[in-house]
Structures are given as structure tokens and as C-alpha cells.
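Working notes, beginning with the structure itself.
The values are calculated or read from the model by the stated rules, or taken from the named source; none is laboratory data. The shown structure was predicted, so the numbers you read here are calculated from the model rather than taken from an experiment. Counting neighbours? That spans all protein chains shown, and the Cβs are built from the backbone with ideal geometry, glycine included. We work out accessible area using only protein heavy atoms, side chains counted, and drop any ligands, DNA or RNA first. Shrake-Rupley method; radii C 1.70, N 1.55, O 1.52, S 1.80 Å.
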Amino acid sequence: MDIGETFEELPRVTSTHSRVMYGNLIQIANNLDFRNPIFARRAKRNRSLGSAQAFVVELALADGAFRERLKRYMIGGGQRFMYTADYMDRY
């Protein structure tokens, strides 16, 4: 299993990213298929770790059910949270 570590370069793993999560993000980045229609009219991307991470967050936040579940972790139950979609997210 590739967890993103090689002899030449060690990943910066902090409390924000466990080694397993880092490995999962690397797998996502390595397997992104930019021909998929979900990428249509979205900002140009690459297969970098940061780009993969941002895309996962965008997809999650675009899901209304996920946003509702996320509110239980927000201050005041997420009453002040307002999701806005970028003009490029429209199909």
C-alpha cells in the first residue's frame, strides 16, 4: 500500500493528516480522471495533493445531506453557515 513515502522524500504528516489519510489523498490524486463530466466548467486542476484535497471538499460540500450532517459540528448548530456555490459549479 502506498502511503506517500519514498526514500527520497518523506511527507509532512501533521496532526491534521494521519499517514493513512495522506495515503488516501495520494491515491485520489493519482487516480483522478479529468475526462469525467464532474470536472466540466470547473477551475483547471492538476493531480497535486492539494488539488485533490480541495476537490474532495468541494464535492462533499456540494452534497446537501453532507452539509446538514456537518452542521452538528458547528457553533450554534450551523445556523450562521451559508453555503454558496461558485458560478463555475453550475452545469
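Please give me the summed charge of the neighbours of LEU70: other residues whose Cβ is under 15 Å from its Cβ, Lys and Arg +1, Asp and Glu -1.
Once all neighbours under 15 Å are counted, the net charge is +2.
With all protein chains present, calculate the accessible area of MET21 using a 1.4 Å probe and round the result to the nearest 10 Å².
90
To the nearest 10 square angstrom, how much accessible area does ASP33 have with a 1.4 angstrom probe?
70
What accessible surface, in Å², does a 1.4 Å probe find on ARG47, ignoring ligands, DNA and RNA and rounding to the nearest 10?
120
Largest first, what is the accessible-area ranking of ILE38, ILE75, ILE26 with a 1.4 Å probe?
Descending accessible area places them as ILE75, ILE38, ILE26.
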